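A.B. asks: Dumping the structure here so I can ask a few things about it.
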Amino acid sequence: MGLLALNLSASRGGQPVLLDVALSAQTGQWLAVVGPNGAGKSTLLRCLAGLLKPSQGRIHLMDQPLETWSARNKAQTLSWLGQHHEGDDAMTVRDTVALGRMPYQGWMGLGALTSTDQQAIEQALQDTDMLSKADHTLQTLSGGERQRVNLARALAVQAPVLLLDEPVAHLDAPHQRLLAQVLRREAAQGRCVISVLHELPLALHADAIAVMNQGQV
């Protein structure tokens, strides 16, 4: 089991957003979460990532309660891509993607990159079609290119569980199709992939779909 949520409820700004949600995603599976705006999709993903504490319910990551994981082990096991990103515009694409390898570094992420790190970074750049701009700074990129850098950073972790909130935002059609191919490959390699999507044709490439409405699946 990759991720399991039982009887999950959560509120944002004092308003209930999730109502007794049950959801499971297996390793080796890509699960797409779809639904209208305000259905609770992003809140669900933030709870699954441990970024928002639910008001009730349980979450299990790889068959262990989420709250029992150390920060370092969770960072190696679960990779997260949210909708909002902050970054240093002066950093290069490659250095930004390399941040995805920090959970494997020494104290406070200090330490030289290993050959395994380098391979993961190169693969992530290739998967997002950003190899040709690896040495460009973030300030020179378009919105779609910056989104692909953020995707590459999440992919570079090579975590068993991958959570992506609207990963195709700002991406053109060719790069949406590329991402779908990458996510299918990641699942085929045994990872658990959960993505929030508004693009139903893209969601149909997933192994399973969870449809949310008014805080429920």
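A.B. asks: For the list (1) crowded, with 16+ Cβ neighbours inside 10 Å; (2) under 22 Å from Glu67 (Cβ atoms); (3) within 20 Å of the chain's Cα centre (by Cα), I need the number of the one condition that Leu51 fails.
C.D. replies: (1)
A.B. asks: Return yes when Lys74 is open to solvent by 60 Å² or more (accessible area, probe 1.4 Å) and outside any strand (DSSP E or B) and no when it is not.
C.D. replies: No.
A.B. asks: Can you pull out the residues in the stretch 77-95 that are touching a strand residue (DSSP E or B) at 6+ places or on another chain (Cβ under 7 Å) and open to solvent by less than 40 Å² (accessible area, probe 1.4 Å)?
C.D. replies: Scanning the stretch 77-95 gives Thr77, Leu78, Ser79, Leu81, Gly82, Thr92.
A.B. asks: While we're here: Any idea which residue in the stretch 1-38 is most open to solvent (accessible area, probe 1.4 Å), counting only those that are outside any strand (DSSP E or B) and in contact with a Pro (Cβ under 8 Å, 6 or more places away or on another chain)?
C.D. replies: It comes out as Thr27.
A.B. asks: Identify all residues within the stretch 54-71 that are outside any loop (DSSP other than H, G, I, E, B) and either open to solvent by less than 70 Å² (accessible area, probe 1.4 Å) or of a type in the set (A, V, I, L, M) (or both); write none if there are none.
C.D. replies: Gly57, Ile59, His60, Leu61, Pro65, Leu66, Ala71
The values are calculated or read from the model by the stated rules, or taken from the named source; none is laboratory data. Since the structure is predicted, the reported quantities are computational estimates derived from the model, not experimental observations. Every residue, glycine as well, gets a Cβ built from its backbone with ideal geometry; the counts of neighbours run over all protein chains shown. Note: accessible area is taken over every heavy atom of the protein model, side chains too, but ligands, DNA and RNA are not part of it. Shrake-Rupley method; radii C 1.70, N 1.55, O 1.52, S 1.80 Å.
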